[in-house]
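Here the structure is laid out as structure tokens; the discussion comes afterwards.
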Amino acid sequence: MKSFKFRTILILMVILLYSVFIFVSESTQSYALNDKSKPEIDSVKVFQAWAHTENMAHLSEFEKIALHDLVIEDTWIYNIGWNTNDEQPYNYLATTLDPTALENAKRMNDELRNLNPKIKVICSLNYREGKVVKEQDDLEYWEKGDLPIDSKYWLKDGNGDIVPGWGEDVNGDGTIELSEIELGLIDFTNESFQALVVERVETLKDSGLFDGVFF
């Protein structure tokens, strides 16, 4: 029974993705690579999730983004990151945006919404996994992991080691060791980590840059 349900869901997902592909193709088919005219923003009803438009080289990056009515991106769509520094270098512990980049981010936001007043920009906020970097004295703060290596927010296995979310078994011993982990799973059931996520969502909301959050 479970197998039947899984196959049914998988088939429905394939149909949905195919439908979206057809819809996007039909919506953008008139804009060939050699078409130097600027597309009418109001005529395009598609969404962009993380990856950017690869053709239409005659348009700026923002003009390409503005072709979509729904965009899912992280904060860097406006060239702004979370407020990390030498004293607090860990991205997932930061609850404010970089204040030195905020004014420019708001200008970029205004520019994007002038290009497409209907656009909705959703900020992606990761809570499932984070970048794992072993602590070293010679690392710059921006080179460090999303959390301290000994953070209580990492999901640990029975041996107390970080559970890998993504990694590569470089030495081929059948185990992804700490040095081979690129992304570690986070214990998002931890209530204090949940409180951090709430603070970050509130910051995104108060910034006025985004229309929602994607988890």
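No value in this document is a laboratory result; all are computed from the given coordinates. Just so it is clear, the model here is predicted, and its values are computed rather than measured. Cβ atoms come from the backbone with ideal geometry, glycine included; neighbour counts cover every protein chain shown.
A few remarks follow.
- Percent breakdown of C-alpha pair distances by 10 Å bin, ordered from the shortest bin, for the stretch 88-215: 11, 34, 30, 18, 6, 1
- Between the stretch 54-81 and the stretch 145-215, the alpha-carbon center distance in angstrom: 27 Å
- Distance distribution P(r), the stretch 73-163, all Cα-Cα pairs, bin width 5 angstrom from 0: 3, 11, 19, 19, 15, 12, 9, 6, 4, 2, 0 percent.
- Between the listed residues Pro117, Pro164, Val132, the Cα displaced farthest toward the positive end of the dipole of the stretch 100-165, a dipole computed from Cβ unit charges relative to the Cα centre, is found at Pro117.
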